[in-house]
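Q: Sharing a structure with you now.
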Ligand code: TXA
Ligand code: MG
């Protein structure tokens, strides 16, 4: 089903280890245009191209710094997206008119199998309406995008839960465009080149996923010390997004604890689902706290800041 729909130029939701993607034939501009329509996503915001074999990277790109093969060998399949100078094979609609293309090999058996059966790569952003919370289950996709896709390939819960780390690979250095599970330190070790963080304050963000408001639920979120914020907001119906500890107060209407054990990996996997539940809970205000700012906690904190437009 998924294969036939993609070959016919239709959209299919695909599972990945990070979040669900909204996929189309990356080499067919008309099929890719449907992604932008379905998501209501601006055309300048480029897409990630998903592949199943490392040699497909050389067809999609022209120049590769020597360290790229080491990154591919260690981190693919996995949640690392590489931005490289694009070849003519990549339609401009995929790259948003840029002369680079973002490529990754996702680590999900169903999607890898599907990609191997197709004779083209898949362009896929996260399968959510523009600026809304990324989907980590097939049900999340169905809730918001059911009528926009020909098929939803159900691959269970996304294991990682936050989107891939994105790096731009230049000669002699790497620019970190988006944080994810794979850490800058690991990338530096494997590549042997320094990593610079992109400036998120640019007028034209290097990765539009860095736009300040993103992943946002419709309800207002405050991030900080939950107990202090609770004391200040006793007159409101509250939703809590806690890392490890439950809170008690009569005005708490809904509460999500990301990991009772205080485990960062588990917290990341639950993050977007928790945000959706809170958004559906009809509270006046969501109070959230940052995770410890280490390993994948950094990527979750980044998404939390964007959700709260901080
Ligand atoms: O984990 C993921 O990366 C998921 C799954 C589905 O693979 N995909 C995902 O796609 O998060 P999306 O479209 O939500 O985010 C892709 C990000 C955007 O911020 C986009 O601006 C950036 O990748 N991007 C794509 N091509 C780029 C390029 N040539 N240069 C810089 N940034 C690029
Ligand atoms: Mg997205």
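Q: How about the range 142-198: which strands (runs of 3 or more DSSP E) wholly inside it have at least 2 residues that are touching a residue at least 60 places away in the same chain (Cβ under 8 Å) and more than 18 Å from the chain's Cα centre (by Cα)?
A: Numbers: elements: 165-170, 173-178, 195-197.
Passing ranges, in order: 165-170.
Q: Sticking with this structure for a sec: Residue under question is residue 125, and the condition is that it be within 20 Å of the chain's Cα centre (by Cα) and more than 19 Å from residue 178 (Cβ to Cβ); does it hold? Working first, answer last.
A: Numbers: within 20 Å of the chain's Cα centre (by Cα): yes; more than 19 Å from residue 178 (Cβ to Cβ): no.
Spelling it out, it is not the case that residue 125 is within 20 Å of the chain's Cα centre (by Cα) and more than 19 Å from residue 178 (Cβ to Cβ).
Q: Would you pick out the residues in the range 239-256 that are touching a helix residue (DSSP H, G or I) at 6+ places or on another chain (Cβ under 9 Å) and over 15 Å from residue 280 (Cβ atoms)? Spell out the reasoning first.
A: Within the range 239-256, the subset touching a helix residue (DSSP H, G or I) at 6+ places or on another chain (Cβ under 9 Å) is 239-245, 247, 249, 251-252, 254-256.
Result: 242, 243, 244, 245, 247, 249, 251, 252.
Q: Then there's this: Would you please name the residue that is farthest from residue 31 (Cα to Cα), looking only at residues in the range 98-131 that are surrounded by fewer than 22 Cβ atoms within 10 Å (Cβ to Cβ) and within 16 Å of ligand 2 (Cβ to nearest atom)?
A: Looking at residues that are surrounded by fewer than 22 Cβ atoms within 10 Å (Cβ to Cβ) and within 16 Å of ligand 2 (Cβ to nearest atom), I get 131.
Conditions tested, residue by residue: (1) on the phi > 0 side of the Ramachandran plot; (2) touching a helix residue (DSSP H, G or I) at 6+ places or on another chain (Cβ under 8 Å); (3) at pLDDT 95 or above.
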position	(1), (2), (3)
161	yes, yes, yes
164	no, no, yes
170	no, no, yes
177	no, yes, yes
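Q: Also, I was wondering about something else. When the residues of the range 34-48 are narrowed to those that are surrounded by 15 or more Cβ atoms within 10 Å (Cβ to Cβ) and more than 12 Å from ligand 1 (Cβ to nearest atom), which ends up farthest from residue 120 (Cα to Cα)?
A: Among them, the one singled out is 38.
Q: While we're looking at this one, here's another question. Scanning the range 76-97 for residues that are more than 20 Å from the chain's Cα centre (by Cα) and either surrounded by fewer than 21 Cβ atoms within 10 Å (Cβ to Cβ) or within 16 Å of ligand 2 (Cβ to nearest atom) (or both), which turns out nearest to residue 170 (Cα to Cα)? So that I can check it myself, show each step before the final result.
A: Taking the range 76-97 and keeping what is more than 20 Å from the chain's Cα centre (by Cα), we get 85-92, 97.
Still in the list and also either surrounded by fewer than 21 Cβ atoms within 10 Å (Cβ to Cβ) or within 16 Å of ligand 2 (Cβ to nearest atom) (or both): 85, 87-89, 91-92, 97.
Details: 85: 9, 87: 16, 88: 19, 89: 21, 91: 22, 92: 21, 97: 19 Å.
My answer is 85.
Q: Exactly one condition in (1) within 16 Å of ligand 2 (Cβ to nearest atom); (2) out of contact with any strand residue (DSSP E or B) (no Cβ under 8 Å at 6 or more places or on another chain); (3) modelled with pLDDT of 95 or more is not met by residue 157; state its number.
A: Looking at each condition in turn, residue 157 falls short on (1).
Q: Oh, and also: Within the range 45-52, identify whether any single residue is part of a loop (DSSP other than H, G, I, E, B), over 20 Å from the mean Cα position of the chain (by Cα) and more than 16 Å from ligand 2 (Cβ to nearest atom), and answer yes or no.
A: Going through the range 45-52, the residues part of a loop (DSSP other than H, G, I, E, B) turn out to be 45-47, 51-52.
So of that shortlist, the ones also over 20 Å from the mean Cα position of the chain (by Cα) come out as none.
Scanning the range 45-52 turns up no residue that is part of a loop (DSSP other than H, G, I, E, B), over 20 Å from the mean Cα position of the chain (by Cα) and more than 16 Å from ligand 2 (Cβ to nearest atom).
Q: Just checking, how many residues over the range 1-36 are in a helix (DSSP H, G or I) and within 19 Å of the chain's Cα centre (by Cα)?
A: So in the range 1-36, the residues in a helix (DSSP H, G or I) come out as 2-7, 29-36.
From what is left, the residues that are within 19 Å of the chain's Cα centre (by Cα) are 32, 35-36.
Adding up the residues that qualify gives 3.
Q: Can you confirm whether residue 138 is buried (at least 23 other Cβ atoms within 10 Å of the Cβ) and either touching a residue at least 60 places away in the same chain (Cβ under 8 Å) or more than 16 Å from ligand 2 (Cβ to nearest atom) (or both)? Talk me through it step by step, then tell me what you get.
A: Working: buried (at least 23 other Cβ atoms within 10 Å of the Cβ): no; either touching a residue at least 60 places away in the same chain (Cβ under 8 Å) or more than 16 Å from ligand 2 (Cβ to nearest atom) (or both): yes.
No: the conditions fail for residue 138.
The values are calculated or read from the model by the stated rules, or taken from the named source; none is laboratory data. If you're wondering where the values come from, they're calculated on a predicted model, not measured in any experiment. Cβ sites come from the backbone with ideal geometry, for glycine too, and all protein chains shown count toward neighbours.
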